Amino acid sequence: MPFELGRPFGAPNEPDFQRRVLSDCLDLLNRDHGPVLEDFPDTPPGADEEQHGWACPVSFPEPTVDVSDEDLLRQALEQEIALLRPWYEQSKANRNDRTNFGISGKSPEEIAAFLARMVVMQEDTPPPIDGLALGPGHKRLADDIRSYYVEAVIARPDRHATDLKIANWLFGETTLGKTLIAIRDWAMDSEEPSIRPMALRLLPTHQRHRGRHG
């Protein structure tokens with residue numbers, strides 16, 4: 001069934017549905033013979049992408065990625081980060097100051113500067129984290145800044161803000177998404193050992209149609 005990878009009980013903020021998933025899972029332990037692998041019969045809440053609308057609480061300029069101008073790209077990313085900051089802080093406050101952002105040890109602005117540099121310099125970009133090759137280091141920063149964006153846009157409760165809709169917004173309507181797609185596109189052709197495996201994991205499965213290597 002269409003559960004997001006990493007969310008085996010469905011989307012967050014749907015406790016009744018999640019309890020039913022867990023209950024059905026535990027019931028499998030009562031079977032006295034196999035196989036016990038079964039499909040859950042119900043569709044997760046919000047899985048019908050066409051049923052309801054959702055919009056980011058922040059209006060962004062039309063995203064553009066100039067692969068030849070590092071400064072302009074960095075400034076565009078910093079503008080998005082600044083517009084999202086009040087919403088990110090509100091989202092963090094909503095969860096008693098808990099956040100998934102911070103695994104890289106870099107600030108959002110530092111990550112923006114690195115991503116802009118990587119779009120232009122490609123394999124010649126210095127690794128961003130000591131002790132990690134360029135590919136794994138980039139993946140850690142990319143995952144980190146995605147957490148910042150996603151946490152910001154879910155600050156305002158909206159049961160229609162499904163994972164798919166948020167990903168469509170992130171990769172279709174933001175400079176960050178376009179930047180990650182641009183990095184994925186050249187990285188797929190890279191012969192540097194740490195780069196291509198990173199590229200294969202950079203976009204969610206339902207976003208891999210985007211860009212040159214879609």
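Residues checked against (1) touching a residue at least 12 places away in the same chain (Cβ under 8 Å); (2) among the polar types (S, T, N, Q):
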| residue | (1), (2) |
| --- | --- |
| 165 | yes, no |
| 170 | yes, no |
| 173 | yes, no |
| 183 | yes, no |
| 205 | yes, yes |
| 208 | no, no |
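Picking from 100, 96, which residue would you name as being modelled with pLDDT of 80 or more and either under 30 Å from residue 24 (Cα atoms) or touching a Ser or Thr at 6+ places or on another chain (Cβ under 6 Å) (or both)?
Working: 96 fails: either under 30 Å from residue 24 (Cα atoms) or touching a Ser or Thr at 6+ places or on another chain (Cβ under 6 Å) (or both).
So the residue among 100, 96 that is modelled with pLDDT of 80 or more and either under 30 Å from residue 24 (Cα atoms) or touching a Ser or Thr at 6+ places or on another chain (Cβ under 6 Å) (or both) is 100.
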* Count - residues of segment 89-122 that are out of contact with any Phe, Trp or Tyr (no Cβ under 6 Å at 6 or more places or on another chain) and either assigned to a helix (DSSP H, G or I) or aliphatic (A, V, I, L, M) (or both) -> 20
* Asked: If you go through segment 45-72, how many residues are at pLDDT below 55, small (Gly, Ala, Ser) and open to solvent by 80 Å² or more (accessible area, probe 1.4 Å)?
  -> 0
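Examine segment 148-158 for a residue that is of a type outside the set (Val, Ile, Thr) and under 23 Å from residue 70 (Cα atoms), and state whether such a residue exists. So that I can check it myself, show each step before the final result.
Of the residues in segment 148-158, the ones of a type outside the set (Val, Ile, Thr) are 148-149, 151-152, 155-158.
So of that shortlist, the ones also under 23 Å from residue 70 (Cα atoms) come out as 148-149.
Yes, segment 148-158 contains at least one residue that is of a type outside the set (Val, Ile, Thr) and under 23 Å from residue 70 (Cα atoms).
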* Structure fact -> Filtering segment 86-116 for residues that are in contact (Cβ under 8 Å) with a residue 60 or more places away in the chain and open to solvent by 70 Å² or more (accessible area, probe 1.4 Å) leaves a count of 3
* **Test result for residue 7, out of contact with any Lys or Arg (no Cβ under 7 Å at 6 or more places or on another chain), more than 19 Å from residue 152 (Cα to Cα), open to solvent by 80 Å² or more (accessible area, probe 1.4 Å) and modelled with pLDDT of 75 or more** => no
* To do: Could you check, for segment 139-146, whether at least one of its residues is within 25 Å of residue 191 (Cα to Cα), in a loop (DSSP other than H, G, I, E, B) and out of contact with any Phe, Trp or Tyr (no Cβ under 7 Å at 6 or more places or on another chain)?
  => no
* To do: Search segment 178-195 for residues being at pLDDT 90 or above and open to solvent by 50 Å² or more (accessible area, probe 1.4 Å), and hand back the single one that is nearest to residue 116 (Cα to Cα).
  => 178
* Qualifying residues in segment 117-150 (those that are open to solvent by 10 Å² or more (accessible area, probe 1.4 Å) and within 13 Å of the chain's Cα centre (by Cα)) - the one farthest from residue 171 (Cα to Cα) -> 140
* Asked: If you scan segment 151-177, which residues turn out to be surrounded by fewer than 22 Cβ atoms within 10 Å (Cβ to Cβ), acidic (Asp, Glu) and assigned to a helix (DSSP H, G or I)?
  -> 173
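The values are calculated or read from the model by the stated rules, or taken from the named source; none is laboratory data. Everything quoted here is computed from the prediction, not taken from an experiment. All Cβ positions, glycine included, derive from the backbone under ideal geometry; neighbour counts span all protein chains shown. For the accessible areas, the whole protein counts, side chains as well, though only heavy atoms, and no ligand, DNA or RNA atoms are used. Shrake-Rupley method; radii C 1.70, N 1.55, O 1.52, S 1.80 Å.
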